[in-house]
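K.L.:
Below is the structure I would like to discuss, written out as structure tokens.
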Amino acid sequence: MTQVGGSLPVGIIGGTGLTCLSDLKRMGEEAVSTQWGDPSDKLVHGRLGDQAVVFLARHGNPHRIPPHRVNYRANLQALYDAGVRTVVGVNAVGGIHQNMGPAHVVIPHQIIDYTWGRASTFFEDDLEQVTHIDFTHPYDQECRNLLIDAAEDLKLDFSDFGVYAATQGPRLETAAEIRRLERDGCDLVGMTGMPEAALAAELGMRYVCLGLVVNRAAGKSDHIITMDEIEAAIEQGMDGIRRTLERSMTGLGMLAPLPTAS
Ligand code: HPA
């Protein structure tokens, strides 16, 4: 049976190593603004296979906005305003878990937030009532299942679990910080997972993370972390990320919006 993509576009937020989606059949670009300011870049409208997609480069294109300066609220609001109710956040991460070496793909199931000083909620000022969203499961399980099925079909080297430690950056961590994150139960570490996931939840959007390990975390290998190593892992692993996106896209597009999304 030929599946036809869903009517709502799927949002893809591309991180380090994914500032543009070469497989996207581009239909147009749109510079937008929101009540929270401007998103990192223009929205790129297009199709991946049958499915309408809106792509946004998290760090801008070219890559110029560091993780702590990304306007996460504007990014999520811009996608929401474009009709997106399902978002895939692609993140380059460091591997803490021993199985998570360079070019390994991770579909995490949990997150711990170590960031600070970021604009991390839509529910801040001019409220009619104080709002606390449920955030027990930060990543949408149906989206996770679709990414996991795609990665399995593609026979990728991947993990279907992982606790993501969201750190402030832009510097990488010390070895002692990574040991602490490991004691906390973290398996991977990155700088952009939060507040992105929480803001998506506040808007009632489905959100999932597709991580690419680009280095072993500080102190987890016999060498310090270099940009050359990171670039080599991106080169090696990003094709698997692109193919996972392409393969899961129709299914992601078919998911009904969460009832909490208005
Ligand atoms: N730490 C934090 N963020 C990262 C890393 C890391 O080792 N690698 C890629 N993003």
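Throughout, read-outs are computed from the coordinates displayed, never taken from laboratory work. Because the structure is a prediction, the values reported are computed rather than measured. With ideal geometry, Cβ positions are generated from the backbone for all residues, glycine too; neighbour counts draw on all protein chains shown.
K.L.:
Calculate, in nm to one decimal, what Arg47 and Ser221 gain on full extension: separation in residues at 0.36 nm each, minus their alpha carbon distance.
P.N.:
58.7 nm
K.L.:
Within the set of other residues whose C-beta is less than 15 Å from the C-beta of Leu147, count the net charge using Lys and Arg as +1 and Asp and Glu as -1.
P.N.:
-2
K.L.:
Given a Förster radius of 22 Å and the C-beta distance between Lys155 and Glu235 as r, what FRET efficiency does 1/(1 + (r/R0)^6) yield to the nearest 0.05?
P.N.:
0.70
K.L.:
Please compute P(r) over all alpha-carbon pairs of the chain, binned at 5 Å starting from zero, and give each bin as a whole-number percent.
P.N.:
1, 6, 14, 19, 21, 18, 12, 6, 3, 1, 0
K.L.:
Ok, one more. Between Phe135 and Ser22, 0.36 nm times their residue separation minus their Cα-Cα distance comes to what?
P.N.:
Going from the current span to full extension adds 37.4 nm.
K.L.:
Shifting gears a bit: When the chain is fully extended, how far beyond the present Cα-Cα distance does Thr174 get from Val32, taking 0.36 nm per residue of separation?
P.N.:
47.3 nm
K.L.:
Just to confirm the filter: which GluC sites (Glu not before Pro) across the range 30-136 are DSSP coil and have at most 15 other Cβ within 10 angstrom of their Cβ?
P.N.:
Hits after loop and neighbour filter: Glu124, Glu128.
K.L.:
Continuing with this model, one more query. Report the residue, chosen from Leu43, Leu252, Leu203, that carries the largest GNM mean-square fluctuation when the chain is represented by alpha-carbon nodes joined by springs under 10 Å.
P.N.:
It is Leu203.
K.L.:
So if I average 1/r over every pair of distinct C-alpha atoms in the range 1-129 and take the inverse, what Kirkwood radius in Å does that give?
P.N.:
Roughly 16.3 Å, rounded to one decimal.
K.L.:
Leu255: net charge of surrounding residues, Cβ under 14 Å, Lys/Arg +1, Asp/Glu -1, itself excluded?
P.N.:
The answer is 0.
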